[in-house]
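The values are calculated or read from the model by the stated rules, or taken from the named source; none is laboratory data. Everything numeric here is computed off the predicted structure, so don't read it as measured data. Positions of Cβ are generated from backbone atoms using ideal geometry, with glycine treated the same way; all protein chains shown enter the neighbour counts.
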Amino acid sequence: MNESVTYLTDAVLITAVVPVGRADAMLKAARDVGASGGIVHNARGTGARELLGLLGIAVEVEKDVLNIAVAAEHQELVVRAIYQAGGLDTPGGGYLYVTPLEKLAMYIPEDALQRLQEQK
């Protein structure tokens with residue numbers, strides 16, 4: 001087992017919170033533009049429903065949450081792709097945000113590490 005840890009330091013976490021059923025299309029769109037994958041999980045939120053009182057029964061509280069870690073240089077490309085695929089440009093379509101990551105540790109195959117070192 002390799003004891004060394006490889007850290008990526010120029011990465012961001014893109015998080016989107018959308019109505020149930022939209023995250024899979026968003027994940028596919030992200031992969032189509034080069035993201036290696038992501039995580040989708042179900043969540044239940046509060047907020048608008050409580051503010052609207054009885055009218056809040058029309059506000060869906062179940063959401064899909066999509067998390068994708070990407071290199072900072074690919075951030076805009078991935079954000080645009082998932083924004084369009086998720087229908088975030090429509091009322092009630094959800095929202096997304098980007099968080100800079102201080103360190104990202106993951107397995108990187110030796111040949112990929114060598115290519116990265118050669119590019120420096």
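General observations
- Residues in the stretch 1-16 that are part of a strand (DSSP E or B) and at pLDDT below 95 were compared, and the one that is nearest to Thr99 (Cα to Cα) is Ala11.
- Flag for Leu77 being out of contact with any strand residue (DSSP E or B) (no Cβ under 6 Å at 6 or more places or on another chain), assigned to a helix (DSSP H, G or I), surrounded by fewer than 16 Cβ atoms within 10 Å (Cβ to Cβ) and at pLDDT below 95: no
- Test for Tyr83: is it loosely packed, with under 12 Cβ neighbours inside 10 Å, among the hydroxyl-bearing types (Ser, Thr, Tyr) and modelled with pLDDT of 85 or more: no
- When Ala43, Ala58, Ala48 are screened for being modelled with pLDDT of 85 or more and small (Gly, Ala, Ser), only Ala43 passes.
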